[in-house]
Amino acid sequence: MKLVSYNIQYGYGSDGRYDLVRAARVVDGADIIALQEVERHWQRSNGDDQPEILSRLLPDYHWVYGPAFDMDASEKRDGRIVNRRRQFGTMLLSKLPIVWSRLHALPLRRTLKPLNTRNAALECMIRTPAGSVRVFSLHLAHIAAEERLEQIDYLLAEQRRAPSDGGPWSGADDEPQRNWANGEPEPENPLAAIWLGDFNMEPGSAEYRRIVGSTPYHRGAVYIDGFVDAAAVAAKPVADFHTHEKIIEGKLAKRRLDHCFVGGVLAGRVRSVSADIGEVASDHFPLRVDIDLETPGIAARLAGG
């Protein structure tokens, strides 16, 4: 299956032009799309409802939007309140149904300067032919490593609790006349997970090591409840691999800030990882991952099979 993660910078390209159509065109065709910096009702983007517009531009996808930043943007028209929210967050689109989703508001450290905003991780459970997988579209803090470490610790704790926590609901319905289950079985909350997004960190950083671990005694070791960098285990390594370019102190810095981390049970299924270097629809480049989510067996492997 083809996955893509893209920080679309609320539709503004590296050329300074606002164009959601070209951002949608870049990601169209992937099986799962994780977007960051998607917004609703901001003046800078013409007051557009970007999730709704993107859903129309990408009509073959199920989708969920997760706002990390939420402010009142209501107006009074013809004597009545038109309720609107000014929002900024992440979005996930999938050709397969999104069985359930939830939004994680990540830890925020209050600043005096510069401006800091709430970050979030949108979690979506998808039943693939290989088995059920929780796929995240997330965006970590841009200011300091310490804040990103707190956010990563939160997500890792959620990962380890996932199977025992369960999904949106659990247990037998003792009030069937109220139809709480809507005729459906208890939804699973699998350990298998994929993190896609803008992590605002580079390989080798403290935050990166918090996710994948420091160099183990057994190189290539993979914990069943841990993560590996998809790019590190891909069968086809890519030269000059980066997802962001910026002039820093007069020099062009090429950085890999966008990542795909896959749960240990999925490590052997990654085929390739690449980036559309030079794409101008955003200030980031799309990150593309080809991973085998067609061959059954995830659940069996978790059970020791």
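Just need a number here: residues in region 229-283 that are closer than 19 Å to residue 191 by Cα and among the aliphatic types (A, V, I, L, M). Residues meeting the conditions: 6.
Just for region 208-233: of the residues that are out of contact with any helix residue (DSSP H, G or I) (no Cβ under 7 Å at 6 or more places or on another chain) and open to solvent by 90 Å² or more (accessible area, probe 1.4 Å), which one is modelled with the lowest pLDDT? Please lay out each step first, then the result.
Of region 208-233, the ones out of contact with any helix residue (DSSP H, G or I) (no Cβ under 7 Å at 6 or more places or on another chain) are 208-209, 212-221, 230-232.
Next cut, open to solvent by 90 Å² or more (accessible area, probe 1.4 Å) only: 209, 215, 217-219.
Details: 209: 95, 215: 68, 217: 59, 218: 71, 219: 69.
By that ranking, first place goes to 217.
With respect to residue 240, determine if the residue is open to solvent by 30 Å² or more (accessible area, probe 1.4 Å), at pLDDT 95 or above and over 26 Å from residue 156 (Cα atoms). No: the conditions fail for residue 240. Among the residues making up region 103-130, a single one is open to solvent by 20 Å² or more (accessible area, probe 1.4 Å), outside any loop (DSSP other than H, G, I, E, B) and more than 20 Å from residue 199 (Cβ to Cβ): 127.
Check 102, 148, 160 and return the single one that is within 18 Å of residue 210 (Cα to Cα) and touching a residue at least 60 places away in the same chain (Cβ under 8 Å). Walk me through how you get there before you give the answer.
Numbers: 102 fails: within 18 Å of residue 210 (Cα to Cα); 148 fails: touching a residue at least 60 places away in the same chain (Cβ under 8 Å).
Only one candidate passes the filter, namely 160.
Hey, any hits in region 94-116 for a residue that's within 23 Å of residue 301 (Cβ to Cβ), at pLDDT 95 or above and among the basic types (Lys, Arg)? Checked against the condition, which is being within 23 Å of residue 301 (Cβ to Cβ), at pLDDT 95 or above and among the basic types (Lys, Arg), region 94-116 yields no hits at all.
Residues that are touching a residue at least 12 places away in the same chain (Cβ under 8 Å) and aliphatic (A, V, I, L, M), at least 1 per element: which strands (runs of 3 or more DSSP E) completely within region 1-97 meet that?
On the way: elements: 2-7, 32-40, 62-72, 75-77, 80-82, 85-94.
The qualifying strands (runs of 3 or more DSSP E) are 2-7, 32-40, 62-72, 85-94.
Scanning region 15-34 for residues that are over 15 Å from residue 279 (Cα atoms) and in contact with a strand residue (DSSP E or B) (Cβ under 6 Å, 6 or more places away or on another chain) yields 30, 31, 32, 33, 34.
Only residues that are farther than 19 Å from residue 11 by Cβ, open to solvent by less than 50 Å² (accessible area, probe 1.4 Å) and among the β-branched types (Val, Ile, Thr) were counted across region 65-100, and they come to 2. Here the helices (runs of 4 or more DSSP H) wholly within region 187-305 that include at least 2 residues being under 22 Å from residue 144 (Cβ atoms) and out of contact with any Gly (no Cβ under 9 Å at 6 or more places or on another chain) are 206-212.
Among the residues examined, residue 277 does not qualify as among the β-branched types (Val, Ile, Thr) and either open to solvent by less than 60 Å² (accessible area, probe 1.4 Å) or within 19 Å of the chain's Cα centre (by Cα) (or both). Within region 280-305, the set of residues being surrounded by 15 or more Cβ atoms within 10 Å (Cβ to Cβ) and among the acidic types (Asp, Glu) comprises 283, 290, 292.
Report, ordered by the first and then the second residue, all pairs with beta carbons closer than 7 Å, sequence separation of six or more or different chains, a first member in region 223-235 that is of a type in the set (Asp, Glu), and a second member that is part of a strand (DSSP E or B) and surrounded by 18 or more Cβ atoms within 10 Å (Cβ to Cβ). Partner pairs satisfying both residue conditions: 229/259; 229/261.
Among the residues in region 185-207, are any charged (D, E, K, R), over 19 Å from the mean Cα position of the chain (by Cα) and open to solvent by 20 Å² or more (accessible area, probe 1.4 Å)? Within region 185-207, one or more residues are charged (D, E, K, R), over 19 Å from the mean Cα position of the chain (by Cα) and open to solvent by 20 Å² or more (accessible area, probe 1.4 Å).
The values are calculated or read from the model by the stated rules, or taken from the named source; none is laboratory data. Quantities reported herein were computed from a predicted structural model and do not represent experimental measurements. Cβ coordinates were reconstructed from backbone atoms using ideal geometry, including for glycine residues, and neighbour counts include every protein chain displayed. These accessible areas exclude ligands, DNA and RNA; they are computed on the full protein's heavy atoms, side chains included. Shrake-Rupley method; radii C 1.70, N 1.55, O 1.52, S 1.80 Å.
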